[in-house]
Amino acid sequence: MAALEAGRRAPDFDVPACTGEEKHRLKLSQFRGSKHVVLAFHPLNWTPA
């Protein structure tokens, strides 16, 4: 996939996500129409700290 140019719409994607203990799927299209969307990716290894 080619890099996006500034100001272009990001392609939709579907990824696994978790909120606290709840695991679910997240789609970028869920946020269409929102004024701002910030994406942050953090590796998670599912082991106790």
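Where does each of S34, S29 land when they are ranked from fewest to most other beta-carbon atoms within 10 angstrom? Intermediate results must be reported in sequence, preceding the final value.
Details: S34 7, S29 11.
Result, fewest neighbours first: S34, S29.
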Normalised by the residues of the stretch 1-43, what does the relative contact order come to in percent, with Cα pairs under 8 Å and at least six apart? 25
Long-range HN-HN contacts of L26 with modeled amide H, under 5 Å: V15, A17
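Computed from the coordinates by the stated procedures, all read-outs in this text should not be read as laboratory data. As the structure is a computational prediction, the values presented were derived from the model and not from experiment. Every residue, glycine as well, gets a Cβ built from its backbone with ideal geometry; the counts of neighbours run over all protein chains shown.
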